[in-house]
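Here's the structure we're looking at; comments come further down.
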Amino acid sequence: MNQTVPLLDGVHAVVTGGASGIGAAIVRKMSEAGASVAAWDVKPPEASTFSGLDRAVEFVEADITDPQSVSAALEATESLIGPVHSLINNAGVTRDRLVRDMSFDEWDTVLNVNLKGAFVTTKIVTPGMVERKSGTIVNISSLGGKVGTVGQANYCASKAGLVGLTKSTAKEFARFGIRVNAIQPGLIDTPMTAALRPDIYDKKLQEVPLRRAGRPDEIGDGCVFLASNMSSYITGVVLEIGGGRNI
Ligand SMILES: NC(=O)c1ccc[n+]([C@@H]2O[C@H](COP(=O)([O-])OP(=O)(O)OC[C@H]3O[C@@H](n4cnc5c(N)ncnc54)[C@H](O)[C@@H]3O)[C@@H](O)[C@H]2O)c1
């Protein structure tokens, strides 16, 4: 018998940066697991991104660095799918450069989207969760935030900052039945990694004990787990999904 348990049946979820890449894979996995999902993004998904799913995915325009935009997105989302039970903070950007060449703008842009953005959405989405005394948040960090990467000081600082945000908010919101966890993806096959120089990609691949890059849907599986009751006694942890890289 091939029967999958709908782990997220009845769950209403928001995935930031959900229109493309890993975010879109998270949306698909959560939808397949039974959730009603809204993809928040600054740009709409391509027409085929969510084709073939049993239930429609709602696209809601949102700039997570802007509290007004996020408040409006939450209102729109609640009228489309109902109260938000699960928030996946996935949106992220890179502006890679050595510190000596990095502009203040490049620093600010990355910190604003990757770190402040997760604070803004957490601050605006959690009052409803507090009222209902339940909810889950998953922050998509990066293994770069654990070990640091040359040329990515802004990115790695933002991703390490997300771990601090995760642990503080896990403690702050635990008494309201809200669990907050982080995922640190390793080398995942996306347009971002496809653009890497082949020799750099191969060097990274050699660091992976499982000897392959990860797939975006494998990050989605982690989100399904952390948003579901399968992880009901897990909060404040950082789940590394990296094939053993940098352990
Ligand atoms: N690709 C990897 O190998 C890898 C590894 C570790 C961590 N990550 C993290 O996973 C997440 C997704 O990465 P990806 O490779 O899919 O990137 P991506 O560029 O394909 O997708 C990021 C999405 O975020 C959206 N976005 C950007 N700024 C936004 C804003 N202000 N408000 C709302 N949405 C915004 C973009 O429009 C885009 O759809 C990021 O946080 C990234 O740091 C990726």
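The values are calculated or read from the model by the stated rules, or taken from the named source; none is laboratory data. Just so it is clear, the structure is predicted and the values come from calculations on it, not from any experiment. Please note: Cβ atoms are built from the backbone with ideal geometry, for glycine as well, and neighbour counts cover all protein chains shown. Accessible surface is based on the protein model in full, side chains and every heavy atom, while ligands, DNA and RNA are left aside. Shrake-Rupley method; radii C 1.70, N 1.55, O 1.52, S 1.80 Å.
Quick notes
- Relative contact order of the chain, defined on C-alpha pairs under 8 angstrom at six or more residues apart (%): 20
- The residues packed around G236, meaning those with a beta-carbon under 11 Å from its beta-carbon, carry a net charge of +2 if Lys and Arg are +1 and Asp and Glu are -1.
- Each listed q (0.08 Å⁻¹) maps to a log10 I(q)/I(0) for the stretch 12-239, found by the Debye formula over equal Cα scatterers with no solvent: -0.27.
- Rounded to 10°, Cα long-axis angle of helix 67-81 versus longest principal axis of the chain: 50
- Per-residue 3J(HN,Hα) values for the stretch 188-204, derived from phi via the Karplus relation 6.51 cos²θ - 1.76 cosθ + 1.60 with θ = phi - 60°, read 10, 6, 9, x, 4, 7, 5, 7, 5, 4, x, 5, 6, 4, 5, 5, 5 Hz in sequence order (x marks Gly and Pro).
- Between N112 and E172, the contour length at 0.36 nm per residue exceeds the Cα-Cα span by 19.4 nm.
- The apolar share of the surface of the chain, taken as the fraction of accessible area on carbon and sulfur atoms (1.4 Å probe, ligands and nucleic acids excluded), comes to 54 percent.
- Probing with 1.4 Å while keeping every protein chain in the model, the per residue accessible area of the stretch 12-239 equals 48 Å².
- Stokes-Einstein D (µm²/s) once Rh is taken as the Kirkwood radius of the stretch 68-160 over alpha-carbon pairs, at 4 °C in 1.567 mPa s: 89
- Summarising the label geometry, the points placed 7 Å from Cα in the beta-carbon direction at A195 and V237 lie 3.4 nm from one another.
- Model label points for A72 and D202, set 7 angstrom from Cα along the Cα-to-Cβ axis, are 4.9 nm apart.
- DSSP bridge analysis restricted to the chain gives an antiparallel fraction near 0%, rounded to the nearest 5.
- Whichever lysines have a C-alpha closer than 22 Å to that of K167, once near sequence neighbours (fewer than 8 apart) are set aside: K116, K123, K133, K146, K159
- Note on N229 and V130: the extension gain reaches 33.9 nm, defined as 0.36 nm multiplied by sequence separation minus the Cα-Cα distance.
- Built amide H within the under 5 Å cut-off of N139, gap 5+: N89, N181, A182, I183
- Cα-based helix-to-principal-axis angle, 21-32 vs the chain, degrees rounded to 10: 30
- Only helices enter the 222 nm calculation for the chain: every DSSP H run of n ≥ 4 contributes -39,500 (n - 2.57), and dividing by all residues gives -12500 deg cm²/dmol, rounded to 500.
- Loop-located chymotrypsin sites (Phe, Trp or Tyr not before Pro) in the stretch 159-247, at most 11 other Cβ atoms within 10 Å (DSSP): Y233
- Helix 153-173 vs. the chain, principal-axis angle (Cα, 0 to 90°, nearest 10): 30
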